[in-house]
1. Check T147 against each of (1) crowded, with 16+ Cβ neighbours inside 10 Å; (2) under 13 Å from the mean Cα position of the chain (by Cα); (3) assigned to a strand (DSSP E or B) and name the one condition it does not meet.
2. So for segment 180-200 (the condition being surrounded by 20 or more Cβ atoms within 10 Å (Cβ to Cβ), among the hydroxyl-bearing types (S, T, Y) and farther than 22 Å from W83 by Cα), does at least one residue qualify?
3. Of everything in segment 131-144 that's assigned to a loop (DSSP other than H, G, I, E, B) and within 17 Å of the chain's Cα centre (by Cα), which residue is surrounded by the most Cβ atoms within 10 Å (Cβ to Cβ)?
4. Suppose we filter segment 116-130 for residues that are out of contact with any Leu (no Cβ under 7 Å at 6 or more places or on another chain) and in a loop (DSSP other than H, G, I, E, B); how many remain?
5. Could you tell me whether any residue of segment 185-205 is among the aliphatic types (A, V, I, L, M), in a loop (DSSP other than H, G, I, E, B) and within 21 Å of L107 (Cα to Cα)?
6. Of everything in segment 70-94, what is in contact with an Asp or Glu (Cβ under 6 Å, 6 or more places away or on another chain) and modelled with pLDDT under 95? Give them in sequence order.
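The values are calculated or read from the model by the stated rules, or taken from the named source; none is laboratory data. Everything numeric in this text was worked out from a predicted model, so none of it was measured. Glycine also receives a Cβ, built like all others from the backbone with ideal geometry; neighbour counts cover every protein chain displayed.
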Amino acid sequence: MTLSPKIWQHKFSFALRFINHFSQKPITQEFPVRLNHSYIKPVTNASQSARCHADGTYRFINLIEGNHEVLWRPPFTADFNHWTNWQTPIDISLPMPAGSNAITQELWPTPSASVEPGMTAIRGKLIGNQADSVHVRIARNLAMSTTYSFSDQYGEFLFLFPMPERLNNQGRLELNIELENGSRNVIRTELIQGGVAQIYPGANFQITPGQESRVRFFI
């Protein structure tokens, strides 16, 4: 008697891709992705070397229909490898509509994250009462900007500007900071360069593009 090999058929459930909130580009470093409660992990890539595939997706198969919460960082931690999530938990409802693209989830670099050489960035610190968990927006034109972040427990945050911005006649980038959608005021802004503070009254200030700038905002 000849036994035929058993053929396993897998059903694709969904794919998830993490992207940088500021650049909207995929984050290629691997996260400890799994489902809550069941702790099911995504399938490995073709070489069996990682669970993050070449296109930045984490792919799940053979899941039951219903709601699934995706975990991406170790238990009892607020971030992982200098990334954090300022949005709601990642909840997936199955089945997905036919032909659905990968689900995208934005993550934010933490204040201690490294910055690529040549990137315009602000390492900011809010100084004053209740400086933690503050909604922060910084842009040349706030009405045209959708990027934001939140200050951490120390009032610190990292804000990136990956796209070219229009500069003034001195080659500087003019910016404005807004806190809590305008409900909190910035009294004074201090740009720290070489240990010396350049002071700007209020929320308008200037930085040099193409580098990190350390800025203190008094609230």
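1. Of the numbered conditions (1) crowded, with 16+ Cβ neighbours inside 10 Å; (2) under 13 Å from the mean Cα position of the chain (by Cα); (3) assigned to a strand (DSSP E or B), the odd one out for T147 is (3).
2. The answer is yes; a qualifying residue exists.
3. By that ranking, first place goes to V134.
4. Qualifying residue count, segment 116-130: 6.
5. First pass over segment 185-205, keeping only residues among the aliphatic types (A, V, I, L, M): 186-187, 191-192, 196-197, 199, 203.
Restricting the remaining residues to those that are in a loop (DSSP other than H, G, I, E, B) gives 186-187, 203.
Adding the requirement that they be within 21 Å of L107 (Cα to Cα) leaves none.
Within segment 185-205, none of the residues are among the aliphatic types (A, V, I, L, M), in a loop (DSSP other than H, G, I, E, B) and within 21 Å of L107 (Cα to Cα).
6. P89
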